[in-house]
Amino acid sequence: MVAFEVPQWQDGETSVYSVNRNDSSLYRSVVTLEFDEEMGDVAQSDSVRIVPTLIVTNVVQPLSGADWYFDSVQVVFRRDVLSPLRTFRSVETDISQFEITARYEQGRVQIEKQTIDGSTEEELRLPHRFHSYDMIQTWLRAVPLVSGTSFRDNLVIPFEFRTVPVKFLVLGTKLVTTKLGDIMCREIVLILPTREVRFWYELAQPHRFVGLNDTQNNTQMLLESFQPAHNDTVPSSMVR
């Protein structure tokens with residue numbers, strides 16, 4: 001099994017990405033990270049167990065000239081063991097609107113989808129190893145960036161009420177050109193049953209998610225700006 005290492009992500013860090021298709025900029029994605037703590041199950045000593053959590057919010061909005069599209073996803077997962085607790089997603093286009101909530105418990109996830117036509121609920125049994133598809137960009141920052149590293153997982157896709165088996169493979173070094181300059185990255189390929197998506201993560205801490213390439217959808221995502229939580233506590237090399 002791969003030993004994941006929690007990166008040195010910062011409370012309050014904000015990343016802005018451009019989403020392009022066929023060399024045309026369509027959307028902007030703003031991702032923020034916030035630290036929090038929640039009360040977990042009562043331990044044997046009857047004391048309340050405190051669970052450290054990470055709240056990741058990703059808001060996607062169209063740029064000028066693009067079709068109307070608004071997608072807001074918030075995923076909450078444990079900072080220590082990187083397991084999902086819940087997700088909430090709201091999507092709106094010019095012809096549709098829906099909201100999805102997923103709540104994870106021991107061995108199962110409860111999913112509710114609300115549309116203008118009503119509400120649908122379903123409970124899925126979960127395999128031993130799983131993560132939420134909505135947390136993938138942030139969660140993969142914990143993968144050891146060693147070429148040749150590979151592992152299997154199961155991704156819960158609440159929108160589709162299903163779990164998909166996947167494989168991840170860490171490839172070689174890739175120099176990615178962004179508006180912040182050239183960033184040395186490792187490429188991690190997500191292998192799905194019907195497609196592949198290549199993610200780029202900065203080699204240096206805190207292993208920022210720099211972008212991705214989805215050849216099947218002709219879509220590319222690239223980092224435009226990054227703001228750490230506290231400039232006085234972050235090395236200047238991280239602030240670009």
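Where a number appears in this text, it was derived from the coordinates with a stated rule and is not lab data. The model shown is predicted, which means the values in this text are computed figures rather than measured ones. Don't worry about glycine lacking a Cβ; one is built from the backbone with ideal geometry, like all the others, and counts go over all protein chains shown.
Secondary-structure-derived ellipticity at 222 nm for the chain, considering helices only, amounts to 0 deg cm²/dmol, per-run term -39500 (n - 2.57) for DSSP H runs with n ≥ 4. Quick one: grab the alpha carbon gyration tensor of region 1-132, order the square roots of its eigenvalues as a ≥ b ≥ c, and give me rounded if a/c is under 1.5, else prolate or oblate depending on whether a/b is larger than b/c. Oblate shape, in that a/c is at least 1.5 and b/c is the bigger or equal ratio. Taking the charge dipole of region 14-232 about its Cα centre, with +1 at Lys and Arg Cβ atoms and -1 at Asp and Glu Cβ atoms, the residue from Phe209, Ser24, Ser72 reaching farthest to the positive side is Phe209.
Under 5 Å from the amide H of Leu63 lie the amide H atoms of Tyr27, Arg28, each residue being 5 or more positions distant or on a separate chain, with H modelled from the backbone and absent for Pro and chain starts. About the centre of its Cα atoms, the chain shows a dipole size close to 840 debye [charges on the beta carbon of Lys, Arg (+1) and Asp, Glu (-1) only; nearest 20 debye]. Using only Cα atoms, locate the centre of region 114-158 and the centre of region 167-233, then give the distance between them in Å, rounded to an integer. Each part reduced to its Cα centre gives a spacing of 18 Å. Phi angles across region 93-103 convert, under the Karplus curve 6.51 cos²θ - 1.76 cosθ + 1.60 with θ = phi - 60°, into 3J(HN,Hα) values of 10, 6, 10, 8, 7, 7, 10, 10, 10, 10, 10 Hz, Gly and Pro given as x. Positive-end ranking of Phe35, Leu223, Phe98 along the dipole of region 14-232, with charges on Cβ about the Cα centre, is headed by Leu223.
Phi angles of region 135-151 translate, via the Karplus equation with coefficients 6.51, -1.76, 1.60 and θ = phi - 60°, into HN-Hα couplings of 9, 4, 4, 7, 4, 5, 5, 8, 6, x, 8, 10, 4, x, 5, 9, 7 Hz per residue; Gly and Pro are given as x. The aspartates and glutamates whose alpha-carbon is closer than 20 Å to the alpha-carbon of Lys167, local same-chain residues fewer than 8 away aside, are Glu5, Asp134, Asp153, Glu187, Glu196, Asp214. Residues considered: Asp94, Asp80, Asp134. Largest GNM mean-square fluctuation over the chain, using C-alpha springs under 10 Å, is found at Asp94. Whole-Hz Karplus values for region 115-129 come out as 10, 5, 8, x, 10, 10, 10, 7, 10, 10, 7, 10, x, 4, 10 Hz, taken residue by residue from phi with 6.51 cos²θ - 1.76 cosθ + 1.60 and θ = phi - 60°; glycine and proline positions read x. Can you tell which of Asn22, Asn213, Asn154 shows the greatest fluctuation in a Gaussian network model of the chain with Cα springs below 10 Å? Greatest mean-square fluctuation among the candidates belongs to Asn22.
Under the definition of Cα pairs under 8 Å and six or more residues apart, what whole-number percent is the relative contact order of the chain? Numbers along the way, then the final one.
Working: 567 pairs, mean separation 40.6, N = 240.
Relative contact order for the chain comes out at 17 percent.
For Arg79, the residues 5 or more places off, or on other chains, whose built amide H falls under 5 Å of its own are Thr53, Leu54. In terms of its alpha-carbon gyration tensor, the chain comes out rounded; the largest-to-smallest axis ratio a/c stays below the 1.5 threshold.
So which trypsin sites (Lys or Arg not before Pro) in region 125-229 pass both tests, a DSSP loop state and at most 13 other Cβ atoms within 10 Å of the Cβ?
Here the trypsin sites (Lys or Arg not before Pro) that fit, given the DSSP loop and packing criteria, are Arg129, Lys179, Arg195.
Under a model in which nothing but the beta-carbon of Lys, Arg (+1) and Asp, Glu (-1) is charged, region 58-104 shows a dipole of about 420 debye around its Cα centre. Which of Ser15, Phe151, Leu180 sits farthest toward the positive end of the charge dipole of the chain, with +1 on the Cβ of Lys and Arg and -1 on the Cβ of Asp and Glu? Comparing the listed Cα positions along the dipole, Phe151 ranks first.
Take every Cα pair under 8 Å in region 12-137 that's 6+ residues apart, average their separations, divide by the length, and report that relative contact order as a whole percent.
So the answer I get is 14 percent.
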